[in-house]
C-alpha cells in the first residue's frame, strides 16, 4: 500500500488572495495618482495673486477669475473679487502686493484636492508672511479653484 499525501488548498487560496489584494491596491493607487500637480499649483498661485491685488483695491484683475475659477463658480468669483476691491478702495488697507508666491503643498488626486500657496504680503509699511489654501478641481483637462481660500497672514 502506498500512502497518499493530501494537501490543503487553503495556503494557496490565501496566497492568491494576498496577491490579488496587493495588485488591486496598487492599481487603485496608480489610477488615483495626481495628474498635473504643477498645473494645480499654477492655478492656485494665479488666484492668490488676483485676490491680493483686489484686496489692495485693483478691480481690473478680477476678470482673471474667469480663467482660474470653476465654470459654475466663475461669475460668483468675479463678483466676490469686485466686492473685495470695492471695500478696499473705500477704506481698506491701501496698496497691496505680493512677492515670491509659490505652491508649497500640492495635495491632489486625479480630480480634486487642495493647494497651499505661500509668499510675502507687501504693504506700504511692513511685509507679512502669507498663505492661501485653495480647493482645486480638475474638469475637462484643466485645474480650477473652487470657493474661497483659507487665508493666513502673519
Next on the checklist: Among the numbered criteria (1) assigned to a strand (DSSP E or B); (2) on the phi < 0 side of the Ramachandran plot, which one does residue 87 miss?
Outcome noted: (1)
Next on the checklist: Being over 17 Å from residue 133 (Cβ atoms) and at pLDDT below 95 is the requirement here; does residue 55 meet it?
Outcome noted: no
Checklist entry - What are the residues in segment 63-80 that are in contact (Cβ under 8 Å) with a residue 12 or more places away in the chain and surrounded by fewer than 17 Cβ atoms within 10 Å (Cβ to Cβ), if any? => result 63, 66, 67, 71
Item to check | Total residues in segment 30-59, condition in a helix (DSSP H, G or I), surrounded by 10 or more Cβ atoms within 10 Å (Cβ to Cβ) and over 14 Å from the mean Cα position of the chain (by Cα) | outcome: 8
Checklist entry - Could you give every pair whose Cβ atoms fall below 8 Å, whose first residue belongs to segment 5-31 and is under 30 Å from residue 111 (Cβ atoms), and whose second residue is outside any helix (DSSP H, G or I) and at pLDDT 80 or above, counting only separations of at least 6 or pairs across chains? => result 31/110
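The values are calculated or read from the model by the stated rules, or taken from the named source; none is laboratory data. In this text, all values refer to a predicted model and were calculated from it rather than measured experimentally. Using ideal geometry, Cβ is built from the backbone for each residue, glycine included, and neighbour counts are taken over all protein chains shown.
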